[in-house]
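Q: Before anything else, here's the structure in question.
Coordinate-derived values only; no laboratory data. Computed from a prediction, not measured in an experiment: that's the story for all the values here. Counting neighbours? That spans all protein chains shown, and the Cβs are built from the backbone with ideal geometry, glycine included.
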Amino acid sequence: MREFSSAPLLWLGLILAFACIPIVPCIPAFWITLWVYIGIYSLVAIGLVLLTGVGGMTSFGQAAFVGFGAYTSAVLTSRYGWSPWATLPAVVLTAGVSASLLGLVTVRLSGHFLPLGTIAWSISIFYLFGNVEELGRFDGISGLPAFDLFGVSLASADRVFYLVWFCVLLAIVVSSNLLDSRMGRAIRALRGGSQAAESFGVKTAYAKLTVFVYAALLAGVAGWLYAHVQRAVSPSPFGVHAGIEFLLMAVLGGSGYVLGGVLGATIVTILKDQLQSVLPKLIGSDGNFETIVFGILMVVILQVARQGLWPMFARFLPQPKPQQIHKSAMALPRRPMPDKGRLILSVEAARMQFGGLVAVNDVSFKVNAGEIVGLIGPNGAGKSTTFNLVTGVLRPTAGSIRFMDSQIVGKLPREVAALGMARTFQHVKLAAQMSVLENVALGAHLRGGRGTLSAMLRLDRSEEASLLREAARQLERVGLIEHMHKPAASLALGQQRIAEIARALCLDPCLLLLDEPAAGLRFAEKQQLAVLLAQLRAEGMTILLVEHDMDFVMKLTNHLVVLDFGTKIAEGAPDVVARNPAVLEAYLGGVE
Amino acid sequence: MNTTISLFLLQDGVINGAIYALLGVTLVLIFAVTRVIFVPQGELAAWGALTLAAFEAGHVPGTAPLLVLLGLCCVFSDMLRQRRGLNGKWFIERGLRDIAGPLALWALCIWLAPQKPALWLSVALTVSLIIPMGPMIYRLAFAPIADASVLTLFIAAIGVHFAFTGTGLLFFGAEGSRTTAFIAGVFPIGVLMVKGQSLVVLGLTIVSLIGLYIFFDKTLRGKALRATAVNRLGARLVGIPTQSTGRFAFALGAGLAALSGTMIGSLTTISYDSGFIISLKGFVAAIAAGLASYPLTVLAALGVGILESFSAFFASAFKEVIVFSLIIPMLVWRSLVVRHSDEEDE
């Protein structure tokens, strides 16, 4: 809803003006019909925007879900005499179940394997529609009933217009609500890769499946409307080429913006209609020549405006208000901090082998509460691998790692996070287009519990206010509060590293793992970082950090662990370690 | 079903599989060098078949004017991108390469086509009409976004496929064509009756695959392509121009697609839109091999061909359903086996 918040009257006016289209006398019936189809396709495109632009998964198979919806309703109304209204739950069920099944296998696919998979199953579903006797083979099913509302038939375009666009409006509101929530942040964070989201407790596979099923449900509802507007179904509108057209709508409109889906559907539908009447006359024969224009359009858009057309369009509309921070929101409960000096992390003879390479060779060390422990060593010493063992990204070949009395070995990163361990990354992993505030709020994912449905229905507001308040509090703590509404990518590298620390703090951790926090920072920034870390320690936080900057490490840490070629060569207080001959040799080379 | 039928089906499957193998290997090659999943390859193969059919019928093939059109598009888009440095020399160079060359080919076709050229000449003309289309497509669609994510490049490839389907309809019409076999007749080998065309397909495929092997293993150009495939940045740093290796990979891909097109034309009726399904079967094979291994791709392609011919016999209506559903377990298996990062983004 936030999209409409800054100028509700303007939006209400626009919607009312739009609602007048069917009753303005001079608009030809043909255009009203066209708007009905634009509405139907918008539903599919909105789903794709969420899937592709927001969730980072590309599907060429949405037309198949439109087909599932349309055929379900067609069979139930034509063969079993159901009313079109009564079939809606069945449509939702069919689309939902088929999407869950296809999603369970295809969502696992990463990168380009997913779109290839969607092409494959949309082709096989197309031939399935065309060859099953009960679905009328390639002829399809015709003579379907129109919608009717309290005895008023919605057979004509000027009446069904309202039903279709009511569905579109609902989809816009529900989708925007979803994006502006705890689950929405998890979904939006998927685009930048799942590692960061996973390490803050997001079940990324589940988040992906959620968007996938949601997009399929919208497509299914579109199919339901299509069946009873068209009054007939046949396989051809649900083939892979239709799927490609739907993706074109999302890419053209702006994959990443809910209203971009509507814009894309509008442009593509009107363009297709106009081209179909103009091009054959121009070329002098019949054929699907609009595909030439669509294909070229798709390539050109990717070359010149990868964000789609919506951002250009949105400049003329009032900007949505930034998120409000409610000072009165309830503070999130905090986990009890371990007593100072208590053992919280113990790594015992941890070993990591990649084939014949021993990256970490039986390393043992301990971290006590309230300390800053540094993990240092030359390049290739196994520091990052050790980090990955501790955070659960890698499973050690042998050895034991215990954190807060639990065995970490065999646990997933998100399960380790739930025990109270938060981390930053050597290469910053923030969702570039998301605001700093929302990136940081992702850190508090595990401190909330509201799911998809309550987000869609806006039942999550008090929890959401608490999460955002916590994010703002941590941003204030690290000194980035004035940047909170900027997109994360607009910050300087040093600030992005600090934002990652704020995100980690949002988890309310008792152990903070920092992977080269000072890398790429300027001198003054390093000093500020040192002050911040010392202050966190004073507040009872325990920190384990990997760092190259010796000066930084020597001044800050209580305890150092030195690795070289995967083996621990020294351990102790910084000034003792600095005089250790083995360490000097590892860093400066031995005396010949 | 008896031995004769199963041997016949097996033969059919192996022959189709050989063509899928050639297409699959080309897909792997183009993907490795440029990271483009080259869907429109199927259209190029279909155009190869249709061009050969046109020569057989004594017509000038639609590919000839189409090549001129693509050349014009290339010059035009280069003009838009370049802006500076446009002078007489630039226009003469581009004009000769992108417009005069295709025009000369067109003229040659107009002269030769009515005389119904010999088979080898027709095939040579077909392949030389389609080879330049590869680099032209690369320049038009992919070179400007060469560093984008695999996903973006893939969507662009789908866009090209879309544009090509419409273009194919425009230049070749909706009717399907069939070419005569390279070698007519049937040869008995043991109990098996082998069609002459089968021998041609198998022979040409094996020769092409061996040729590719020699090219990649023995020549500097081939090694440069492999280096680009392994690491684009590294290849660029040691002085391999990645843009021109991209164009070269596309030329190679277009040539192989055209060759498979000329072979497939006598096995089945080809129309402007047949290419998509054919190339997707090459895909199923390429994906099964993880878009990486050439020998595995060939094996998987033979498997796809055999599965297809047997399912055509047992459940002909569901042939495509079976072949394309097969890809899903393969993809799942692949994504479990291959631990590649999904941290890529534009």
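Q: Once phi is turned into θ = phi - 60°, what whole-Hz ³J(HN,Hα) does the Karplus curve with 6.51, -1.76 and 1.60 give for every residue of the range B:119-132, x standing for Gly and Pro?
A: Result, ordered by residue: 4, 5, 5, 4, 5, 4, 5, 4, 5, 6, 6, 8, 3, x Hz.
Q: Could you tell me the center-to-center distance, by alpha carbons, between the range A:423-444 and the range B:252-280 in angstrom?
A: So the separation of the two Cα centres works out to 48 Å.
Q: Further question: Can you give me the P(r) profile for the protein assembly as shown? Cα pairs, bins 20 angstrom wide beginning at 0, each as a whole percent.
A: In order of increasing distance, the bins hold 13, 39, 34, 13, 1 percent.
Q: Write down the radius of gyration of the range B:3-96 and its Dmax, each obtained from C-alpha positions, in Å.
A: 20.2, 70
Q: Quick one: what Rg and Dmax do you get for the range A:222-327 from the alpha carbons, in Å?
A: Over the range A:222-327's Cα set, Rg and Dmax evaluate to 17.3, 68 Å.
Q: Between A:GLU539 and A:SER277, what length comes free when the chain is fully extended (0.36 nm per residue of separation minus the Cα-Cα distance, one decimal in nm)?
A: Details: separation 262, 0.36 × 262 = 94.32 nm, distance 7.18 nm.
Extending this stretch completely gives an extra 87.1 nm.
Q: Moving on to the next point. At q = 0.09, 0.11, 0.19 Å⁻¹, what is the base-10 log of I(q)/I(0) for the range B:1-160 according to the Debye formula with one equal point scatterer per Cα and no solvent? Please give it to two decimals.
A: Calculated log10 I(q)/I(0) at the listed q: -0.40, -0.58, -1.21.
Q: Sequence gap at least 6, Cα distance under 8 Å: using those rules, report the relative contact order of chain B to the nearest whole percent.
A: Numbers: 507 pairs, mean separation 131.7, N = 346.
It rounds to 38 percent for chain B.
Q: Moving on. Bin width 5 Å, alpha-carbon pairs only: give the P(r) of the range A:76-226 as whole percents, running from 0 to the bin holding the largest distance.
A: 2, 8, 13, 17, 17, 15, 12, 8, 6, 2, 1, 0
Q: Please report the antiparallel percentage of DSSP beta bridges with both residues in the range A:343-588, rounded to the nearest 5.
A: Numbers: 21 of 37 bridges.
The antiparallel proportion sits near 55 percent.
Q: Now for a different question. Would you mind getting me the FRET efficiency between A:GLN324 and A:ASN379? Use the beta-carbon distance for r and R0 = 51 Å, nearest 0.05.
A: 0.65
Q: Please rank A:PHE113, A:PHE289, fewest neighbouring Cβ atoms within 10 Å first, as an exposure proxy.
A: The order, fewest Cβ neighbours first, is A:PHE289, A:PHE113.
Q: For the range B:65-82, take each phi angle, set θ = phi - 60°, evaluate the Karplus expression 6.51 cos²θ - 1.76 cosθ + 1.60, and give the result in whole Hz per residue in order, putting x for glycine and proline.
A: With the stated coefficients, the range B:65-82 comes to x, 4, 5, 4, 4, 4, x, 4, 4, 4, 4, 4, 6, 4, 4, 4, 6, 6 Hz.
Q: Using r as the Cβ-Cβ distance of A:ARG79 and A:ARG334, and R0 as 56 Å, what FRET efficiency do you calculate, to the nearest 0.05?
A: The calculated FRET efficiency here is 0.40.
Q: Separate question: Provide, for q = 0.15 Å⁻¹, the log10 of I(q)/I(0) from a solvent-free Debye sum over equal Cα point scatterers in chain B.
A: -1.36
Q: From the residues B:ALA18, A:LEU209, A:GLN407, which one has its Cα farthest along the dipole of the protein assembly as shown in the positive direction, the dipole being from +1 and -1 charges on Cβ of Lys/Arg and Asp/Glu about the Cα centre?
A: Value computed over the given set: A:GLN407.
Q: Find the lysine pairs in the range B:3-337 meeting two conditions, Cα atoms under 26 Å apart and a separation of 8 or more places or different chains, and report how many there are.
A: Numbers: B:LYS116/B:LYS195; B:LYS195/B:LYS281; B:LYS195/B:LYS319; B:LYS281/B:LYS319.
Lysine pair count for the range B:3-337: 4.
Q: Additional query: When the convex hull of the Cα atoms of the range A:299-409 is projected onto a plane and the area is averaged over all directions, what value comes out in nm²?
A: Mean shadow area of the hull around the Cα atoms is 14.7 nm².
Q: Still on this structure, I have one more. Treating only the Cβ atoms of Lys and Arg (+1) and Asp and Glu (-1) as charged, compute the dipole magnitude of the protein assembly as shown about its Cα centre; round to the nearest 20 debye.
A: 860 debye
Q: While we're looking at this one, here's another question. Work from the charge dipole of chain A (Cβ charges, +1 for Lys and Arg, -1 for Asp and Glu, about the Cα centre) and give the residue of A:GLY39, A:GLN230, A:LEU275 farthest towards its positive end.
A: With unit charges placed on the Cβ atoms, the residue in question is A:GLY39.
Q: In percent, how large is the relative contact order of the range A:343-588, given Cα pairs closer than 8 Å and 6 or more residues apart? Let's see the in-between values first.
A: Details: 464 pairs, mean separation 68.7, N = 246.
Contact order relative to length: 28 percent.
Q: Would you mind checking which residues have amide H under 5 Å from A:LEU511's amide H? H placed 1.01 Å from N; only 5 or more apart, or other chain.
A: Correct list: A:ALA422.
Q: Roughly how far apart, in whole Å, are the Cα centres of the range A:86-100 and the range B:128-167?
A: So the separation of the two Cα centres works out to 37 Å.
Q: So, one more: Please compute the length gained on full extension between A:THR567 and A:VAL97, using 0.36 nm multiplied by the number of residues separating them and subtracting their Cα-Cα distance. Let's see the in-between values first.
A: On the way: separation 470, 0.36 × 470 = 169.20 nm, distance 5.15 nm.
Length gained, A:THR567 through A:VAL97: 164.1 nm.
Q: Assigning unit charges at the beta carbon (Lys, Arg +1; Asp, Glu -1) and nothing else, what dipole magnitude in debye, to the nearest 20, does the range A:343-588 show about its Cα centre?
A: Using only the charged Cβ atoms, the result is roughly 480 debye.
Q: Can you give the % of DSSP beta bridges in the protein assembly as shown that are antiparallel, to the nearest 5?
A: 65 percent
Q: Now a separate question. Would you please give the residues with an amide H less than 5 Å from that of A:THR567, counting only those at least 5 places away or on a separate chain, with H modeled from the backbone geometry?
A: Those qualifying (amide H under 5 Å, at least 5 residues apart or on another chain) are A:ASN361.
Q: Another one. Decide, for the range A:399-496, between rounded, prolate and oblate: order the square roots of the alpha carbon gyration tensor eigenvalues as a ≥ b ≥ c, take rounded if a/c falls under 1.5, and otherwise choose prolate if a/b is larger than b/c, else oblate.
A: oblate
Q: Continuing with this model, one more query. Among the lysines, which fall within straight-line cross-link reach of A:LYS555, defined as a Cα-Cα distance under 27 Å, with same-chain neighbours fewer than 8 residues apart omitted?
A: A:LYS340, A:LYS366, A:LYS383, A:LYS526, A:LYS568
Q: Taking 0.36 nm per intervening residue step and subtracting the Cα-Cα distance, what contour gain separates A:LEU343 from A:VAL173 on full extension?
A: Value of the extension gain: 56.2 nm.
Q: Using the count of nearby Cβ atoms within 10 Å as a rough guide to exposure, how do A:ARG334, A:ARG159 rank from fewest to most? Please report the intermediate quantities before stating the final value.
A: On the way: A:ARG334 9, A:ARG159 18.
Ranked by crowding around the Cβ, least crowded first: A:ARG334, A:ARG159.
Q: Here is a follow-up. Applying the Karplus parametrisation 6.51 cos²θ - 1.76 cosθ + 1.60 with θ = phi - 60° to the phi angles of the range B:154-166, what ³J(HN,Hα) value in whole Hz is obtained for each residue in order, glycine and proline being reported as x?
A: The phi angles translate into 5, 4, 4, 4, 5, x, 4, 4, 4, 4, 5, 4, x Hz.
Q: Right, here's the next one. Using a Förster distance of 41 Å, how high is the FRET efficiency between B:ILE110 and A:ASP139, based on the Cβ-Cβ distance and rounded to 0.05?
A: Once the sixth-power term is evaluated, E becomes 0.40.
Q: Right, here's the next one. When the Cα centres of the range A:234-293 and the range B:178-250 are compared, how far apart do they sit, in Å?
A: Using only Cα atoms, the two centres lie 36 Å from each other.
Q: Separate question: Going 7 Å from the Cα of B:VAL186 in the Cα-to-Cβ direction, what parts of the range B:194-209 have a backbone nitrogen less than 18 Å from that spot?
A: Backbone N within reach: B:194-201.
Q: So what are the range A:343-588's ellipsoid semi-axes, whole angstrom, largest first, if each one is the square root of 5 times an eigenvalue of the alpha-carbon gyration tensor?
A: So the three semi-axes of the range A:343-588 are 32, 21, 15 Å.
Q: Let me ask something else. Could you calculate, for the range B:124-175, the ratio of the Cα radius of gyration to the Kirkwood radius, expressed as Rg to Rh?
A: Taking Rg over the Kirkwood Rh, I get 1.05.
Q: Per Stokes-Einstein, at 25 °C and 0.890 mPa s, what whole-number D in µm² s⁻¹ belongs to the range B:215-346, with the Kirkwood radius over Cα pairs as the hydrodynamic radius?
A: Approximately 142 µm²/s, per Stokes-Einstein.
Q: Given the -39500 (n - 2.57) contribution per DSSP H run of 4+ residues, what per-residue ellipticity at 222 nm results for chain A, rounded to the nearest 500 deg cm²/dmol?
A: -16500 deg cm²/dmol
Q: Another question about this same structure. Can you list the residues, at least 5 places off or on another chain, whose amide H is less than 5 Å from the amide H of A:THR397, using H built in the peptide plane?
A: Sorted by chain and number, the residues that satisfy this are A:ARG351, A:MET352, A:GLN353.
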